[in-house]
1. Per residue, how much accessible area does the chain have with a 1.4 Å probe, in Å²?
2. According to a simple spin-label model (label point 7 Å from Cα along Cα-to-Cβ), what is the distance in nm between D127 and A55?
3. If I compute Rg/Rh (Cα atoms, Kirkwood Rh) from the structure I just sent, which labelled value in (1) 0.98; (2) 1.07; (3) 1.02 lines up?
4. What's the angle, to the nearest 10 degrees (0 to 90), between helix 115-128's Cα axis and the longest principal axis of the chain?
5. What list of ³J(HN,Hα) values in whole Hz, one per residue of the stretch 77-83 in order, does the Karplus curve 6.51 cos²θ - 1.76 cosθ + 1.60 (θ = phi - 60°) give from phi, with Gly and Pro shown as x?
6. Heavy atoms only, probe 1.4 angstrom, no DNA, RNA or ligands counted: give me V60, V88 ranked by accessible area, highest first.
7. Taking all protein chains together and a probe of 1.4 Å, list E93, E116, E61 from the most accessible to the least accessible.
8. Read phi for every residue in the stretch 59-65 and hand back ³J(HN,Hα) as whole Hz from Karplus 6.51 cos²θ - 1.76 cosθ + 1.60, θ = phi - 60°, with x for Gly and Pro.
Amino acid sequence: MVTGENLLEGPPPTRLPDDPAPRELLAAGTPASEVAARHPASSLAWAQLADEAFAGGRGVESYAYARTGYHRGLDALRRNGWRGHGPVPWEHEPNRGFLRALHALARAAEAIGEREEAERCSTFLRDSSPTAAETLAG
């Protein structure tokens, strides 16, 4: 059966719709906790909270924030056609909240001794966006 599609190619990249309000609020200096309360579906707000907690030496708190952002991001990806694998390009700014949360989850998992989860998350990040993995590692 000839379908006309290249079955050797992977799934197309998933590009989340833009939601500029959380990004703009954070850029304006609104505390991440306020942004997350006003926009609880924003992976970006949760990723920012995870980063702040990690920088403050609060690994378990960082893990909880990162996990929330990760799951909010998975929900958004699925609503936008993602089927569990495939590229989530860093270059598309609305994807960055999810990718930052995934990175933060890997980092926090490692910090609290969840090495297997840290490795799974790191691999997922590299598979989703090598650019994000490289950018966030630096």
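The values are calculated or read from the model by the stated rules, or taken from the named source; none is laboratory data. Please read all numbers here as calculations on a predicted model, not as lab measurements. Virtual Cβ from ideal backbone geometry, glycine too; neighbours counted across all protein chains shown. When the accessible area is computed, the model is the full protein with side chains, heavy atoms only, and any ligands, DNA or RNA have been set aside. Shrake-Rupley method; radii C 1.70, N 1.55, O 1.52, S 1.80 Å.
1. That works out to 57 Å² per residue.
2. 3.1
3. (3)
4. Taking the Cα atoms of the chain, the angle to 115-128 is about 50 degrees.
5. 4, 4, 5, 10, x, 5, 10
6. V60, V88
7. E116, E93, E61
8. Rounded to whole hertz, the list is x, 5, 5, 4, 4, 5, 4.
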